[in-house]
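To keep things clear, I will list the structure first and then write my remarks on it.
Please treat every number below as a calculation from the coordinates, not as lab data. Just so we're clear, the structure is a prediction, and the values are computed from it rather than from any experiment. Neighbour counts run over all protein chains shown; Cβ positions are idealised from the backbone, glycine included.
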Ligand SMILES: NC(=O)c1ccc[n+]([C@@H]2O[C@H](COP(=O)([O-])OP(=O)(O)OC[C@H]3O[C@@H](n4cnc5c(N)ncnc54)[C@H](O)[C@@H]3O)[C@@H](O)[C@H]2O)c1
């Protein structure tokens, strides 16, 4: 399937986990990819993997908490490949408290990283996406849909859902689509050393397993592609049935 032939994507969080799987998926489907991350070594390695498989990718240094860095990374991608069709903002995680800071201080830092980080990427990409009638996919979290703890992270992810609804509406005449994918537990580097927890968590998923980065990359590729050309402003849960309810657990009683 070559849904991204002659198309160009900019992917943040490209060095590891879901972002890396997204780079590989989009490139395998024909996209030229600007692979953006703060981890230069990891980004170089995913670009090597893409080019080794005959694809096309460029490593770009990018910190989504820094507007100038995001602007430069998007510009470098457009300069190299001549256009931009897809923004996939994947970078993110639940920030830990620093030192003795009060929990409230975390709200602002998390919001800047998760929500404003996404808006920085959108602002830098939008002029190019308007030209190509392109597509934006933001990675939220199922934590943004239901209460699973970590309020600052969850609330910042929740804000993305209403951001894409409004941008979908605002930009409808320009043909740019905006969507979110909301994953539940995905076995990425974030869970290194927590394999026992991942094993335990399987039980809460009706599909009997936690997610793989490739599960989420497939959903991102779908929403970014013309297969989703009549879908905008949505948050797509990618969560193994978690929010269907606890029926499968009750059946065990
Ligand atoms: N893994 C999960 O269980 C899970 C669940 C729900 C949502 N998510 C979301 O999925 C996304 C990816 O998560 P993951 O598990 O693949 O994470 P990961 O830690 O494996 O990868 C995150 C990548 O983002 C990069 N990064 C971190 N800060 C950055 C910054 N300021 N600018 C640019 N790049 C930066 C890291 O270097 C890394 O390559 C995140 O937005 C996360 O919130 C993950």
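Structure summary
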read-out: Top-ranked residue of the stretch 149-178 - restricted to ones that are touching a residue at least 12 places away in the same chain (Cβ under 8 Å) and in a loop (DSSP other than H, G, I, E, B), ranked as surrounded by the fewest Cβ atoms within 10 Å (Cβ to Cβ); value: 175
read-out: Residue that is surrounded by fewer than 18 Cβ atoms within 10 Å (Cβ to Cβ) and within 23 Å of residue 140 (Cβ to Cβ), where the choices are 85, 66, 37; value: 66
read-out: Residues (surrounded by fewer than 24 Cβ atoms within 10 Å (Cβ to Cβ) and closer than 19 Å to residue 69 by Cβ) located in the stretch 15-34; value: 16
read-out: So residue 135, is it under 15 Å from the mean Cα position of the chain (by Cα) and closer than 27 Å to residue 245 by Cβ; value: no
read-out: Search result, residues across the stretch 197-240 that are over 21 Å from residue 137 (Cβ atoms), away from the ligand (no atom under 15 Å from the Cβ) and surrounded by 15 or more Cβ atoms within 10 Å (Cβ to Cβ); value: 206
